[in-house]
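To start, the structure itself, in structure tokens.
The values are calculated or read from the model by the stated rules, or taken from the named source; none is laboratory data. Just so we're clear, the structure is a prediction, and the values are computed from it rather than from any experiment. Cβ placement follows ideal geometry from the backbone for every residue including glycine, while neighbour counts extend to all protein chains displayed. Ligands, DNA and RNA are excluded from the accessible area calculation, which covers all protein heavy atoms including side chains. Shrake-Rupley method; radii C 1.70, N 1.55, O 1.52, S 1.80 Å.
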Amino acid sequence: MEQTYALSCGKARATATTLGGELTSYVAANGVHYLWDGDPAVRATHAQMMFPIVGFAIEDTVRIAGVPYQIPKHGFARTTPFVLKDRQEDSITFTLRADEDTQRMYPFAFTLDTTHRIFADGFSTTYRIANNSSAPMPMCLGGHPGFHCPLFERDAFDDYELVFEMQESGVLAQAPTGYVEGYGVYAPLAGKDRFTLTHSAFDHDALIFSDLASRSVRMLRKKDGRGLQLDFPDFDILAVWQEAYKDAPYICIEPMSGHCACLDETGNFEDKPFVKIVPPGGVYEASYRMCVVD
């Protein structure tokens with residue numbers, strides 16, 4: 001049964017749930033609701049985790065040691081109940097352990113801890129994956145946090161821009177059908193550090209920036225620079241997404257190591273772009289952090 005827990009840090013408050021080990025709300029000390037509230041009429045989730053795969057596998061199938069396994073989009077962690085491991089006033093840790101159900105999709109013994117910690121001006125999420133198997137464990141990993149955009153009343157979506165810490169090439173993986181069909185350049189970012197958010201930018205699905213110099217990005221209100229910053233030092237790429245043709249008031253800013261399947265990939269899990277290989281007895285850890293920009 002799903003359980004929800006409340007967190008607080010001074011005037012900041014948040015909630016988290018055992019289903020998927022997901023952070024489900026965050027309100028900063030300034031009273032602004034930053035994390036998407038999960039309106040089921042628009043997008044029901046908040047800040048899902050993608051594990052052990054990011055995006056689609058070709059025909060929902062991967063091969064591990066030559067054996068095919070059926071695995072759903074973004075993996076199974078986001079829809080699987082976790083158990084509470086530790087809870088403090090301002091932090092919470094959930095745990096997922098491999099079982100017969102997970103091993104039908106992914107044949108490894110693992111322990112996955114997800115820790116959310118809140119601050120007056122933001123929150124962090126840390127994933128810790130231990131390989132308890134006797135074989136190397138290939139995995140992909142990603143966060144899928146959604147944020148209100150606009151953040152403030154009477155603003156429009158295109159009153160906001162994404163600002164990277166460095167000038168970028170604009171190179172992105174192009175996946176209009178859910179599979180990467182090649183790599184191109186997102187012209188509004190090429191040679192720049194920022195671009196204005198528009199709903200039409202997502203008409204062909206996510207912007208998957210696969211060649212970033214930056215490991216930090218800001219979503220800012222252009223008229224006064226207020227907004228949020230997402231730091232993702234442990235992840236290889238960044239996707240920016242909202243559902244196409246919905247003109248919805250949110251944006252997902254997704255740090256990832258791995259992306260949806262390439263049409264020309266081998267189908268072997270260990271060959272996937274940006275895959276991580278965790279040795280037997282090894283641990284892989286990655287974090288991202290959101291900070292208020294006021």
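Residue selection: Leu238 satisfies the criterion of being over 12 Å from Tyr160 (Cβ atoms) and of a type outside the set (Phe, Trp, Tyr). The residues on offer are Thr93, Thr80, and the sole one that is more than 26 Å from Lys223 (Cβ to Cβ), buried (at least 19 other Cβ atoms within 10 Å of the Cβ) and out of contact with any Gly (no Cβ under 6 Å at 6 or more places or on another chain) is Thr93. Taken as a whole, the condition of being open to solvent by 50 Å² or more (accessible area, probe 1.4 Å), touching a residue at least 24 places away in the same chain (Cβ under 8 Å) and assigned to a helix (DSSP H, G or I) applies to Asp158. If you filter region 161-183 down to residues that are of a type in the set (D, E, K, R) and without any contact (Cβ under 8 Å) to a residue 60 or more places away in the chain, you find that the one that is surrounded by the most Cβ atoms within 10 Å (Cβ to Cβ) is Glu168. Quickly run through region 49-65 and pick out the residues that are assigned to a loop (DSSP other than H, G, I, E, B) and either closer than 26 Å to Thr115 by Cα or open to solvent by 60 Å² or more (accessible area, probe 1.4 Å) (or both). Passing the criteria: Pro52, Ile53, Val54, Gly55, Phe56, Ala65. The residues in region 22-50 that are within 12 Å of the chain's Cα centre (by Cα) and over 19 Å from Leu228 (Cα atoms) can be counted, and the count is 4. Annotation for region 6-14: at least one member residue is open to solvent by 30 Å² or more (accessible area, probe 1.4 Å) and either charged (D, E, K, R) or closer than 20 Å to Lys276 by Cβ (or both).
Restricting attention to region 73-114, the residues being β-branched (Val, Ile, Thr) and either assigned to a strand (DSSP E or B) or within 15 Å of Leu7 (Cα to Cα) (or both) number 6. Taking region 200-294 and the strands (runs of 3 or more DSSP E) fully enclosed by it, the elements with 1 or more residues that are open to solvent by 20 Å² or more (accessible area, probe 1.4 Å) and of a type in the set (Phe, Trp, Tyr) are at 237-241, 283-293. Test Ile64 against the stated conditions and say whether it is of a type outside the set (Lys, Arg), in contact (Cβ under 8 Å) with a residue 40 or more places away in the chain and out of contact with any Leu (no Cβ under 9 Å at 6 or more places or on another chain). Taking the combined requirement at face value, the residue satisfies it.
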